[in-house]
Structure formats: structure tokens, C-alpha cells
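Single-structure report; data block below.
Each reported figure results from applying straightforward, stated rules to the coordinates on display, with no laboratory input. If you're wondering where the values come from, they're calculated on a predicted model, not measured in any experiment. Here the Cβ is made from the backbone with ideal geometry for all residues, glycine too, and neighbour counts use every protein chain on show.
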């Protein structure tokens, strides 16, 4: 594969991992707090804030897992 295709594959896999972690974190928080965190973020400002917090937390978790070598850098 060429370098551009490798970058595309890396971007897609990184996005997939972040979305998966986001869904997992959102599901856990929803179960713990019994509140819907995965509604349409544009419907209310508070939904947008919750969604942004979940995505940011997922990105931090992904970085931590890569740093601890639990998750490979290429994922």
C-alpha cells in the first residue's frame, strides 16, 4: 500500500476505536446514572456538553491505553 493509503487506513481505524470507546463509556455512564447521554447532541445544549465530555474522555482513555501498551499505536 502507498503512504496515503496507510494514512487513510490509520485514520479510519483510529476513528473506529474512538467511536467504540465512546459508545462503551456512554453506555456505562448511562447505566450508572440512568440518564440518556447518547441523544442527538444538537437537540439541547446540555446534551452537547455531555456528548463532548464522553468523546473527550474516550480520547484520553485511548491515549492512556496506547501509552501503557495495552492498545497498539496503529489502532
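Among 60-71, 15-26, how do they line up by average Cβ neighbours within 10 Å per residue, starting with the highest? The partial results should precede the final answer.
Working: 60-71: 12.2, 15-26: 14.9.
Ranking the peptides 60-71, 15-26 by packing returns 15-26, 60-71.
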Can you give me the distance in nm between label points at residue 69 and residue 18, each placed 7 Å from the Cα along the Cα-to-Cβ direction? 2.6 nm
Using 7 Å Cα-to-Cβ label points, what is the residue 47/residue 61 separation (nm, one decimal)? 2.2 nm
